[in-house]
Amino acid sequence: MSIEETLAEVVLKAVEALYGTQVPSKMAQLQKTKKEFEGHLTLVVFPFVRMSRKSPELTATEIGDYLVANASEVVAGYNVVKGFLNLTISSQCWLNLLADIQRDERYGIQPVTEDSPLVMIEYSSPNTNKPLHLGHVRNNLLGWALANVMAANGNKVVKTNIVNDRGIHICKSMLAWLKWGNGETPETSGKKGDHLIGDYYVLFDKKNKEQQAQLADENEETPLMKEAREMLVKWEHNDPEVRALWQKMNDWVYAGFNETYQMMGVGFDKIYYESQTYLEGKEKVQEGLDKGFFYRKDDGSVWADLTPNGLDHKLLLRSDGTSVYMTQDIGTAKLRFQDFPIDKMIYVVGNEQNYHFQVLSILLDKLGFKWGKDLIHFSYGMVELPEGKMKSREGTVVDADDLMAEMIQTAKETSRELGKLDGLSQAEADDIARIVGLGALKYFILKVDARKNMLFNPKESIDFNGNTGPFIQYTYARIQSVLRKAREQQIDWSTPNGQTMALAEKEISLIQQLAEFKEVVRQAGTDYNPSIIANYAYDLVKEYNQFYHDFSILREEDAAVKSFRLALSQNVGKVVRLAMGLLGIEVPERM
């Protein structure tokens, strides 16, 4: 049992002994004592006043006296501030708690069992007409971290991706390559496949604007756009030449995507492709049409009337019979629930799609999918650079590959300037630069509440001080350095010393913070919020660095105290590693 659970039991006994009343356990409300007051845990006394029929202060005093007299192994003292009973927990209790934490190599991580619910998380969702960019980086990092957090809360997790591999945007790249590509390939150009295709998407936009400028009516469709639409219709009718080109160019893109995902440290258990799911969606739309859920306009397009739900009319099939994103998402959802016994479906998609998922939920429910109304849209804000917004068609996006390479190079230069790579081989220095550069990028993005828009500043993220990934990584490496030296001196701290010793408040504060990791992981899962874990890791290392500055570890003369401080350091390192691991961030052993 935790200290809080033990205390709550004793509080209930106190209330029964003092006031002759049995009360439910939820009435024993314990919280961390505020820093301005003495004590470690605070009991809210107000719920017990009507039983004691005394003032809050006197009720708190009576309960405090009972706890000191009957639970001295837990409560060493108390003070009363109005209706709050601030309890000082005994050093022995904290030592026992540290021993419990030390015994559990995966402290705070819940095991997954056969009976665990299955959560499917969709993230990434790239288009095959361009490389991944900064917006995708935030999406992938959030999806990966959220999957880790859900698994840490005892859920089976299936990480899934839906690739937007069909549609007018794909045809634009294909048409531009046919017209102006001269047979160029990733091999002949020396470019990653996704970058090559992205260049042709930008080229299409440029050529289309040139044609648009020559038209008298600015709303008139250009010949180039008409050709792209004709290509899409051919694709939907399985034209062999169009399909062969589409397959070839998509294969180039997938090879490029895989390199990017690997460098980013993310992956998937199952990838779905819209080219395989859109027909399923069209079938479900036809079924809804037959049942009167949807209606067809005179031009042949199919719509859903959502005005009874306070929304508008939603297009499901265009007049030429081609499908839209909504149709594809219906088909993808159907296939996923056929493939897996999903208990919860989470879509990691930007907040510009809030309306889309509101509609999807309603439509899935209308079509008889019982899980439709319970889907979760993990809606996150946009990420921008100091230079402003990005546009794919104009080629002004921040490419994910370039960004990661720049972060690694900046980490290498910064680390070298600070002397953090001294004495390392070139291979070690390169690996640490990779770990620090990517860690800086990931942490800077994940420490922000996902629901908020954010400004990503590469220079600020690589700082070795403040709320940054490198600061946390450096603290972890510092702890590992201390432990290596202790091993060289053959100091044993593997079993926390069972003897009683007086602990300093800073030491107690660190143990208490370590113990909170369980609740932090639970809260991050409940709120779907990885930033809770990121900011917990920062607060923990900040507290440890103050302890490291104020207290001797290896130079401590008392062997028992030295052993305890090493055990404390090791467990701080362990929890930092676990917390950063949930965020998909590596921590270096040396730095």
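The values are calculated or read from the model by the stated rules, or taken from the named source; none is laboratory data. Note that the coordinates shown come from a computational prediction; the quantities given were computed from them, not determined experimentally. Using ideal geometry, Cβ is built from the backbone for each residue, glycine included, and neighbour counts are taken over all protein chains shown. Surface accessibility is based on the protein's heavy atoms, side chains included, excluding ligands, DNA and RNA. Shrake-Rupley method; radii C 1.70, N 1.55, O 1.52, S 1.80 Å.
Tabulated data
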read-out: Length-normalised contact order for region 184-300 - Cα pairs under 8 Å, 6+ apart - percent; value: 28 percent
read-out: Kirkwood estimate for region 1-143, i.e. one over the average of 1/r between Cα atoms, Å; value: 18.5 Å
read-out: Prolate/oblate/rounded call for the chain, Cα gyration tensor, a/c under 1.5 rounded; value: oblate
read-out: Volume of the Cα convex hull of region 108-250, divided per residue and given in Å³; value: 169 Å³
read-out: For region 102-155, the fraction of alpha-carbon pairs in successive 10 Å shells from zero, as %; value: 22, 35, 26, 14, 3, 0
read-out: ³J(HN,Hα), Karplus 6.51/-1.76/1.60, whole Hz, each residue of region 80-94, x for Gly, Pro; value: 10, 10, 6, x, 10, 9, 8, 9, 9, 8, 5, 4, 4, 4, 5
read-out: Estimated D of region 450-521 in µm² per second, where Rh is the Kirkwood radius over Cα pairs and Stokes-Einstein applies at 20 °C, 1.002 mPa s; value: 134 µm²/s
read-out: Nonlocal amide H pairs with Val81, under 5 Å, H built at 1.01 Å; value: Asn86
read-out: Amide H contacts under 5 Å for Ile89, placed H, 5+ residues apart; value: His40, Leu41, Ala76
read-out: Calculated from backbone phi, Karplus (6.51, -1.76, 1.60) coupling profile of region 335-350 in Hz, x at Gly/Pro; value: 5, 4, 6, 6, 7, 9, x, 6, 9, 8, 10, 10, 9, 8, 9, x
read-out: Residue-averaged [θ]222 nm for the chain, counting only DSSP H segments that reach four residues, each worth -39500 (n - 2.57); value: -17500 deg cm²/dmol
read-out: Long-range amide H partners of Ser125 with built H, under 5 Å; value: Ile162
read-out: Highest-first arrangement of 557-569, 123-135, where packing means the average Cβ count within 10 Å; value: 123-135, 557-569
read-out: Calculated from backbone phi, Karplus (6.51, -1.76, 1.60) coupling profile of region 257-264 in Hz, x at Gly/Pro; value: 4, 4, 4, 5, 4, 5, 5, 6
read-out: Accessible surface, the chain, averaged per residue in Å² (probe 1.4 Å); value: 46 Å²
read-out: Value of relative contact order over the chain, rounded to a whole percent, pairs C-alpha under 8 Å and six or more apart; value: 15 percent
read-out: Region 285-368, relative contact order in percent, only Cα pairs under 8 angstrom and at least six apart counted; value: 18 percent
read-out: Rounded to 5, percent antiparallel among DSSP beta bridges of the chain; value: 50 percent
read-out: Share of carbon and sulfur in the accessible heavy-atom surface of the chain [1.4 Å probe, %]; value: 47 percent
read-out: Long pairs among Lys130/Lys206; Lys159/Lys344; Lys172/Lys234; Lys344/Lys370; Lys344/Lys518; Lys156/Lys344, criterion Cα-Cα beyond 18 Å; value: Lys344/Lys518
read-out: Between helix 168-180 and the chain: long-axis angle, C-alpha atoms, 0 to 90°, nearest 10; value: 60 degrees
read-out: Rg/Rh for region 312-366, where both radii come from Cα atoms and Rh is the Kirkwood radius; value: 0.98
